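Quick notes on the structure that follows.
The values are calculated or read from the model by the stated rules, or taken from the named source; none is laboratory data. All values reported here derive from a predicted model rather than from experimental measurement. Note that we place each Cβ from the backbone using ideal geometry, even for glycine, and neighbour counts take in every protein chain shown.
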Amino acid sequence: MNVRALQFIMLYLACVLVSACGEKTDPQIRECSTDAVLIESGKLTICGVINPQVINILERIDPETIDIIEISSLGGESADVIRSANILRELDIPVTFTRYCVSTCAHFLLLAPNQDTDSPGTIIAFRHTDSS
């Protein structure tokens, strides 16, 4: 089997696993819309692709008003995710990864915060990228 076929199979399996995560009914796992950012009761929730809009929100956060950041992401453009990772490190707010952290999320965001955890059942998936 060639490398491209193996990469395709691994990516397909990751997508299937991520899709299955969306069907959890555990009340502890708060579902959120794709590409949504929500701030409520001291928690910033980021779901979906890390993009310039997410960077803009992270840059405007007052660390005194946010107790935790919750992230569920399939990644995004490397430059955007790296910038977000740098901001998270500067903010020094605990980060929890829920549902999934895939691709550039796993490569860059997962390693950025000074304090991070993952919720039970969270899928962390690395893949080969030109920037990794």
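Restricting ALA14, ALA20, ALA85, ALA36 to residues that are surrounded by 15 or more Cβ atoms within 10 Å (Cβ to Cβ), modelled with pLDDT under 90 and of a type outside the set (Phe, Trp, Tyr) narrows the list to ALA14. Scanning the stretch 53-82 for residues that are surrounded by 18 or more Cβ atoms within 10 Å (Cβ to Cβ) and either of a type in the set (D, E, K, R) or on the phi > 0 side of the Ramachandran plot (or both) yields GLU70, GLY75, GLY76, ASP80. Looking at the stretch 89-106, which of the residues that are aliphatic (A, V, I, L, M) and within 14 Å of LYS43 (Cα to Cα) is surrounded by the most Cβ atoms within 10 Å (Cβ to Cβ)? Here the residue is VAL95. Across the stretch 75-107, the number of residues qualifying as closer than 14 Å to VAL54 by Cβ and basic (Lys, Arg) comes to 1. How many residues does the stretch 44-68 hold that are within 17 Å of the chain's Cα centre (by Cα) and in a loop (DSSP other than H, G, I, E, B)? So the answer is 1. On inspection, SER103 does not qualify as touching a Leu at 6+ places or on another chain (Cβ under 8 Å) and under 16 Å from ASN56 (Cβ atoms). All of (1) more than 27 Å from ARG127 (Cα to Cα); (2) surrounded by 14 or more Cβ atoms within 10 Å (Cβ to Cβ); (3) out of contact with any strand residue (DSSP E or B) (no Cβ under 8 Å at 6 or more places or on another chain) hold for LYS43 with one exception: (3).
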